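Okay, structure first, notes after.
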Amino acid sequence: MVFSPFLGLTRDPFAMLRQIEREFDRALAPFAVAAGYPQVNIWQGADSIAVTAELPGVEPGDIDISVKDDVLAISGERKLPEDAEKTTWFRRERNYGRFSRVVELPYRVDPDRVEARFRDGLLQIELHRPEEDKPRRIAITAG
Amino acid sequence: MTTEVTKTAATTPARSQEAQESTRGVRVFRPLVDIRESDSEVILAVEMPGVGPDDVEIELDRRVLTIRGRGRLTSPEGFRLIYAEYGEGDYERSFTLSDEIDRAAIRAAMRNGLLTLTLPRAGAAKPKRIEVKAA
């Protein structure tokens, strides 16, 4: 990163500060205190929300997803491999056991219209807004 | 104070923290690995979410085992990322194997983003018998 005293004069003066913030976030990423497992990414669409999470090595049958109002709950279990007891562990970086995570959504969603897909350890959940909650467009009449 | 923010395209200089620069332009992560050992084999469990069985590359160069995975990037049509706790990208990690491993018999299985590599030990090192010929 090149710091130039003249940079701030011609462009956004806070660009440098933001850049430093980003660099710090990236550097500290391995030590970030997890908000919980699994970590999620949230995407916003026209009238739906998509939540994605990484759950490698977990069977889809061991994942429970539940939705109520504007709260999405993902829970389940990361099971130890079957032959774990007969083996000696040399290095254990993965975590095991039960997990539970609650994600607050920007708006209430329809629990009957939730789609969940799981492929290669990636969970993708799509949640839709109930019809009656969708903002209504109001026409302006000349008057 | 300016209320208008000018966006400059983010430039990514070569970073020392990211071991490899991917030709795809995505970040390369070091996957989490568990190493276990039984009497007859060494088992590696490598976490690579978003990587399918066809996206895994395992290379064995002399004693160095390199595992690479091409991650599937989520980019749903019509959606905008508003909150991210994890990054998506490729995976890479290398290991140096001991001579005991029977390289020809290494097995790999990929399921739900978890790669399980089974490395059998070569039959307990058979002492090489050297014949002595009368000179």
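Residues in segment A:37-65 that are without any contact (Cβ under 8 Å) to a residue 24 or more places away in the chain and more than 7 Å from every other protein chain (Cβ to nearest Cβ): A:Gly61, A:Asp62, A:Asp64. Of the strands (runs of 3 or more DSSP E) lying entirely inside segment B:84-135, those containing at least 2 residues that are modelled with pLDDT of 80 or more and away from chain A (no Cβ under 13 Å) span B:89-96, B:107-111. Just one of (1) among the charged types (D, E, K, R); (2) over 12 Å from the mean Cα position of the chain (by Cα); (3) surrounded by 19 or more Cβ atoms within 10 Å (Cβ to Cβ) trips up B:Asp54, so point out which. For B:Asp54, the exception is condition (3). Please work out which residue is nearest to the other protein chains (Cβ to nearest Cβ), limiting yourself to segment A:79-125 and to residues that are out of contact with any Asp or Glu (no Cβ under 7 Å at 6 or more places or on another chain) and of a type in the set (S, T, N, Q). Step by step, filter segment A:79-125, then rank; the result is A:Gln124. The selection criterion, being part of a strand (DSSP E or B), under 15 Å from the mean Cα position of the chain (by Cα) and without any contact (Cβ under 8 Å) to a residue 60 or more places away in the chain, does not hold for A:Ser100.
I'm trying to understand the selection: among the residues of segment A:60-85, which are over 30 Å from B:Val42 (Cα atoms) and part of a strand (DSSP E or B)? Once the filter is applied, which keeps residues that are over 30 Å from B:Val42 (Cα atoms) and part of a strand (DSSP E or B), segment A:60-85 yields A:Asp64, A:Ile65, A:Ser66, A:Val67, A:Lys68, A:Val71, A:Leu72, A:Ala73, A:Ile74, A:Ser75. The criterion of being assigned to a loop (DSSP other than H, G, I, E, B), modelled with pLDDT under 95 and either buried (at least 18 other Cβ atoms within 10 Å of the Cβ) or more than 9 Å from chain A (Cβ to nearest Cβ) (or both) holds for B:Glu21. When B:Ile67 is tested against the conditions (1) within 11 Å of chain A (Cβ to nearest Cβ); (2) not in a loop (DSSP other than H, G, I, E, B), the lone failure is (1).
The values are calculated or read from the model by the stated rules, or taken from the named source; none is laboratory data. A quick note: this is a predicted structure, and the numbers were derived from the prediction, not measured. All Cβ positions, even for glycine, are placed from backbone atoms using ideal geometry, and neighbour counts span all protein chains on display.
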